[in-house]
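Working notes, beginning with the structure itself.
Since every read-out is calculated from the coordinates, none of them should be taken as a lab result. What you see is a predicted model, and the numbers here were worked out from it, not measured in a lab. Positions of Cβ are generated from backbone atoms using ideal geometry, with glycine treated the same way; all protein chains shown enter the neighbour counts.
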Amino acid sequence: MNSIELYKELPKTNCGQCDERTCLAFAISVVKGSKYLNLCPFLQEDKLQRLSRSLKKVDITAGILETLRVETVKYNIEEIAGSIGARVVENGIEVRC
Ligand code: SF4
């Protein structure tokens with residue numbers, strides 16, 4: 001289940017009782033894993049259980065890896081390696097201990 005799918009299941013009142021400004025922000029936080037679904041007091045127990053089961057099927061690994069890929073290209077790895085006494089080798093960094 002992604003954020004939009006979860007959002008469609010929420011009350012969409014943007015009441016803020018979950019400490020997010022909008023239901024969409026709450027859905028994104030839940031899917032990211034930074035908020036628990038039960039922080040929305042308007043979800044009935046049966047719906048809460050059903051949505052929780054769907055959320056457990058989400059594999060966040062791909063999202064994390066993509067974030068890492070995007071973030072790491074911002075850095076000059078050779079420069080960083082040199083600054084810590086390491087060097088870039090074929091598929092990584094070699095650090096001498
Ligand atoms: S508490 Fe529920 S209804 Fe209120 S903003 Fe959060 S998700 Fe939306």
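With respect to the chain, whose longest principal axis is taken over its alpha-carbon atoms, helix 23-32 is tilted by about 50°. Helices in the chain, meaning DSSP H runs of at least 4 residues, each add -39500 (n - 2.57). Divided by all residues, the mean residue ellipticity at 222 nm is -14500 deg cm²/dmol.
Between 0 and 90 degrees, the angle of helix 45-56 with respect to the longest Cα principal axis of the chain falls at about 20 degrees.
The coefficient of translational diffusion for the stretch 1-58, derived via Stokes-Einstein from the alpha carbon Kirkwood radius under 25 °C and 0.890 mPa s, stands at 223 µm²/s. As a proxy for reagent exposure, Leu37, Leu65, Leu24 were ordered by neighbouring Cβ count within 10 angstrom, fewest first; the result is Leu65, Leu24, Leu37.
Radius of gyration over Kirkwood radius for the chain, both on Cα atoms: the Rg/Rh ratio is 1.24.
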